[in-house]
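These notes concern the structure reproduced below.
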Amino acid sequence: MSRKITRINPDHLHPTPGYHHVSVVEAGRTAHLAGQCPLAPDGSVVGAGSLDAQIDQVVANCLAALAAVGAGPQDVVRSVVYVCTDEQADLGAAWARLTASALGPAFTTASTLLGVTRLGFAGQLVEVDLTAALD
């Protein structure tokens with residue numbers, strides 16, 4: 001079965017800043033990526049104190065994980081973004097950087113952006129969880 005992804009914004013729901021409220025997938029398989037963290041290959045957290053640097057590492061890690069299953073950003077059907085902040089401006093900045101990145105097409109499907117108080121690694125500011133449709 002070949003992959004088909006339909007993105008829908010129902011008429012009675014609010015407009016979105018680029019994502020869609022519903023993603024319908026007809027696919028043979030799906031890949032559920034673990035939350036991708038701003039970790040270098042040696043396991044160390046990169047970009048201490050820099051949301052931008054950490055987002056860049058998370059993007060690179062997401063692209064590598066997607067490539068490992070023969071997928072790309074256009075195959076993502078669900079994303080959850082966690083940002084360690086309670087500031088709306090930080091959430092907006094994270095969303096803008098992610099959507100402008102090479103991973104950007106991943107965030108046109110059903111997406112959730114959350115501000116959280118803590119993530120798994122000391123100094124970690126961002127994490128991205130993705131689900132992709134595969135052929």
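Charges were assigned to the Cβ only: +1 to each Lys and Arg, -1 to each Asp and Glu. The resulting dipole of the range 37-108 about its Cα centre is roughly 220 debye. Over the range 24-88, the ratio between the Cα radius of gyration and 2.2 N^0.38 Å evaluates to 1.26. Seen against the Cα atoms of the chain and their longest principal axis, helix 51-68 is set at about 40 degrees.
Relative to the current alpha-carbon distance between ASP135 and ALA64, full extension at 0.36 nm per residue lengthens the span by 23.8 nm.
Under conditions of 37 °C and 0.692 mPa s, the chain yields 216 µm² s⁻¹ as its translational diffusion coefficient, taking Rh as the Kirkwood radius over Cα pairs in the Stokes-Einstein equation.
Relative to the longest principal axis of the Cα atoms of the chain, helix 88-100 runs at roughly 60 degrees.
Entry note, the chain: the mean residue ellipticity at 222 nm calculated from DSSP H runs of n ≥ 4, each adding -39500 (n - 2.57), is -7500 deg cm²/dmol after division by the residues and rounding to the nearest 500.
The accessible-area ordering, largest first, of the residues THR117, THR99, THR131 stands as THR117, THR99, THR131, per a 1.4 angstrom probe. What you get for the chain, charging only the Cβ of Lys and Arg (+1) and of Asp and Glu (-1), is a dipole of about 360 debye around the Cα centre.
The values are calculated or read from the model by the stated rules, or taken from the named source; none is laboratory data. Note that the coordinates shown come from a computational prediction; the quantities given were computed from them, not determined experimentally. In this analysis, Cβ positions are derived from the backbone assuming ideal geometry, glycine residues included, and neighbour counts consider all displayed protein chains. These area figures cover heavy atoms from the full protein model, side chains too; ligands, DNA and RNA do not enter into them. Shrake-Rupley method; radii C 1.70, N 1.55, O 1.52, S 1.80 Å.
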